[in-house]
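Structure first, commentary second.
The values are calculated or read from the model by the stated rules, or taken from the named source; none is laboratory data. Note that the coordinates shown come from a computational prediction; the quantities given were computed from them, not determined experimentally. Glycine also receives a Cβ, built like all others from the backbone with ideal geometry; neighbour counts cover every protein chain displayed.
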Amino acid sequence: MWAYNDKSYKQREIMDGARKDDQGKLRYDLIPTSAMTGLAEVLTFGANKYAPNGWKAVPDAIERYYAALHRHLIAWREGEEVDKESGLPHLSHVLTNVAFLLELNNMKNGESSKR
């Protein structure tokens, strides 16, 4: 059984005295699983339709994914929950387009996605 030390994530202690120091590490456990699943579903759809990671080679990618993000966001805002082509939630497409823009921007600035 896990016990959190002092209401922090600095150390997790197991009742038998073992411990794991997590101070300064990213809290991936805080990412909603629905967000991870939605992102994976849209990426899988795109990989099957086009090519795995093909989004990285799209000409004018930043402008095009920015436009796609807004198309999906507007469709959702107007009450359309699910994209007709993919059958996946528009908000999952929004999340995916934001992920693309973040990664493309990092690539443009010479930053690695493997921080």
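A few comments on the model shown:
- Output for the stretch 78-108, where each listed residue is surrounded by 15 or more Cβ atoms within 10 Å (Cβ to Cβ) and either small (Gly, Ala, Ser) or part of a loop (DSSP other than H, G, I, E, B) (or both): ASP83, SER86, LEU88, SER92, ALA99
- Candidates ALA67, ALA57, ALA75, ALA40, filtered to the one that is surrounded by 14 or more Cβ atoms within 10 Å (Cβ to Cβ) and small (Gly, Ala, Ser): ALA75
- The stretch 71-110: number of residues that are farther than 19 Å from SER34 by Cα, touching a helix residue (DSSP H, G or I) at 6+ places or on another chain (Cβ under 6 Å) and without any contact (Cβ under 8 Å) to a residue 40 or more places away in the chain: 2
- Residue tally, condition assigned to a loop (DSSP other than H, G, I, E, B) and modelled with pLDDT of 80 or more, over the stretch 1-43: 8
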